[in-house]
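Encoded as structure tokens, the structure appears first; notes follow it.
The values are calculated or read from the model by the stated rules, or taken from the named source; none is laboratory data. Just so it is clear, the model here is predicted, and its values are computed rather than measured. Don't worry about glycine lacking a Cβ; one is built from the backbone with ideal geometry, like all the others, and counts go over all protein chains shown. Please note that ligands, DNA and RNA were not included when accessible areas were found on the heavy atoms of the full protein model with its side chains. Shrake-Rupley method; radii C 1.70, N 1.55, O 1.52, S 1.80 Å.
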Amino acid sequence: MERYEIEAFLLLAEELHFGRAAEHLRVSTSRMSQIITKLERRIGARLFDRTSRRVALTRIGAQFHEDLRPGYGQVRRALERAMTAARGFDGPLSIGFLGAAGGQFLLEVIRAFRADHPTAEVGLREFQMNTVITGLHSQESDLVLIPRPFADPDLTVGPPLWAEERYLAVSSRHPLASRPHISQEDLADFTLLRMPENCPPVIAEDRVPSRTPGGRPIAHGRHTTTFLEALALVGADEGAFTVGAEVNLFYVRPDVTYLPITDAPPLAWGLVWRTSSETARVRAFNDQAVELSRSRRSP
């Protein structure tokens with residue numbers, strides 16, 4: 001049965017008047033009669049007794065109405081809830097992040113988002129380097145703020161929100177720790193700690209390259225799982241780790257020195273979300289983040 005046939009039958013069963021039922025359905029009386037006649041032919045029995053004076057349900061029609069109405073009402077309510085969620089802001093919205101700088105930025109976005117959408121339920125969740133991608137795929141968060149580059153066929157990558165200078169975290173005991181800065185060629189003089197084993201290859205190669213731009217091989221150390229673990233290993237002089245400039249604000253340690261890599265491209269950050277789960281509120285939150293990031297960059 002088509003949806004319009006169900007609605008036509010239920011309306012006529014309630015109104016017991018072709019004209020009023022047709023008016024509710026916004027069709028002509030003759031069209032209403034055609035729909036009911038077609039439905040009766042499909043079922044194989046008359047659903048209504050109709051004369052010039054009255055319309056009444058037959059026994060089969062009454063039973064059909066009793067069976068159909070509750071189920072259709074449930075389907076309609078489910079459809080309405082789904083449509084409301086898709087175009088509106090009902091339901092929770094979970095935002096994931098990596099690192100203190102990302103969490104601080106997202107709290108600003110959430111405050112602005114709630115001001116525009118007071119009924120929105122927005123939660124913030126911290127992920128670790130080894131859980132952020134799986135958390136997004138497993139629907140633990142609706143959007144996640146992560147650094148670039150990033151590519152996944154099942155995920156939508158939003159525009160970059162900000163970029164920060166790239167640094168190398170090294171042990172304060174390392175012979176080169178006293179230098180004011182380094183170049184990408186100097187990476188060959190360090191052992192780089194690796195990203196988590198489940199890290200996407202495009203990110204792993206960006207953070208832990210195998211060779212310098214000039215072709216010098218770069219030694220790789222052990223895999224890390226969390227950012228704080230990586231800094232602890234750096235402090236113990238077990239390797240170096242690529243980081244962004246905001247570590248100078250949030251992760252100052254006496255055993256770790258942050259050296260700017262002067263010729264390296266900056267680390268760009270942005271939101272990522274599951275393409276199949278994109279809704280109006282997901283897009284609106286990303287738009288809010290973009291607007292806030294632009295205002296931050298404004299003079």
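Some notes on this structure:
- Inter-centroid distance (Cα atoms) of the stretch 219-298 relative to the stretch 146-170, Å: 8 Å
- Listed values [x] 1.20; [y] 1.60; [z] 0.92, entry calculated as Cα Rg over 2.2 N^0.38 Å: [y]
- Sparse packing (at most 10 other Cβ atoms within 10 Å of the Cβ) combined with a DSSP loop state is found for the following GluC sites (Glu not before Pro) in the stretch 156-232: 197.
- Backbone phi angles across the stretch 203-217, fed through the Karplus curve with coefficients 6.51, -1.76 and 1.60 (θ = phi - 60°), yield HN-Hα couplings of 6, 4, 5, 5, 7, 10, x, 8, 9, 6, x, x, x, 6, x Hz in residue order; Gly and Pro are listed as x.
- Accessible carbon and sulfur surface of the chain relative to its total accessible area, %, 1.4 Å: 52 percent
- Summary of packing: across the peptides 138-146, 248-256, 60-68, the per-residue average of other C-beta atoms within 10 Å ranks them, highest first, as 138-146, 60-68, 248-256.
- Taking 0.36 nm per residue of separation and subtracting the Cα-Cα distance, full extension of the segment from residue 181 to residue 238 would add 18.5 nm.
- Of 131, 262, the order by accessible heavy-atom surface (1.4 Å probe, DNA, RNA and ligands excluded), from most exposed downward, is 262, 131.
- Think of a 1.4 Å ball rolled over the protein heavy atoms: the chain then has 53 Å² of accessible area per residue.
- Rounded to the nearest 10 degrees, the inclination of helix 29-43 to the longest alpha-carbon principal axis of the chain is 80 degrees.
- Fully extending the segment from residue 291 to residue 107 would add 64.8 nm, taking 0.36 nm per residue of separation and subtracting the current Cα-Cα distance.
- Between 192, 271, 47, the residue with the greatest mean-square fluctuation in the GNM of the chain (Cα pairs under 10 Å linked by springs) is 47.
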